[in-house]
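See structure below.
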Amino acid sequence: MNPRTERNPDATASATPVHVPTAAQPRLAYLIATVFGAGYLPVAPGTFGSLVGLVIYAAVSFGIPIKAFALAAATSPGVLAGGRALRVSLTCVAIAAALAFVGVWAANRVVAFSGKKDPGFVVIDETSGQFLALFLALAPVNWKYLLLGFILFRVFDIWKPFPVRQAESLRAGWGIMADDWIAGIYAALGLWLARAAGL
């Protein structure tokens, strides 16, 4: 018997590394937060996150020109009951709310697990903000307005004018998501101005 072990029976036990189990990665939260892996792209992951928001908006609103939304706003609820424009707008409201809800939830889980305040691979905020920008602007589904809405959102998201940057100080997932929502509102205002100017 090893004399050192004989003098100290606990020597062997103390020399054995203790395995401390760690929490498993919240895979669903990571899947949502990275928008199915887009956040792991080596170049411009936020841009790809925004593109997903644009594609979702275009898919839902395809074939619904801005005049349909204007008509929906001007006519009575009874006339709109079976209207396609109303169904599309309600669908967009539901999608915007769902992206916001699951985005905050997923971002909170990722922040708690990773220990990072704003992980770069989280891009659900860009998806949510871009969708919100196009929806709030009631953007017509054509390449001109979709491209302009995309550019405006990316500009405001990167530039971060007041209070976009200040919103980042909110707690965990709220800070990650809220700044993109405000950037989306700025982009929507820009689209409204562009349309009012006849662009």
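Fewest to most neighbouring Cβ within 10 Å: what's the order for V93, V43, V35? The partial results should precede the final answer.
Details: V93 11, V43 6, V35 26.
By the 10 Å Cβ count, ascending: V43, V93, V35.
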Going fewest to most other Cβ atoms within 10 Å around each Cβ, V55, V104 line up as V55, V104
How far apart, in nanometres, would the label points at F113 and A59 be if each is projected 7 angstrom from Cα along the Cα-to-Cβ direction? 2.3 nm
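Provide the packing ranking of 112-124, 163-175, i.e. peptides ordered by the mean count of other C-beta atoms within 10 Å per residue, highest first.
Working: 112-124: 17.5, 163-175: 15.8.
Highest mean packing first, the order is 112-124, 163-175.
In whole Å and largest first, what semi-axes does the C-alpha gyration tensor of region 112-199 yield when each eigenvalue is scaled by 5 and square-rooted?
Numbers: eigenvalues 141, 31, 16 Å².
Value: 27, 12, 9 Å, ordered largest first.
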Can you compute the radius of gyration and Dmax for region 43-196, using only the Cα atoms, both in Å? 15.9, 52
For the pair Q166 and W143, the simple spin-label estimate (label points 7 Å beyond Cα toward Cβ) gives in nm 4.0 nm
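Bear in mind these aren't lab numbers, they're just calculated from the coordinates by the rules spelled out. Computed from a predicted structure; not experimentally measured. Neighbour counts are summed over all protein chains in view; Cβ atoms, including those assigned to glycine, are modelled from backbone coordinates with ideal geometry.
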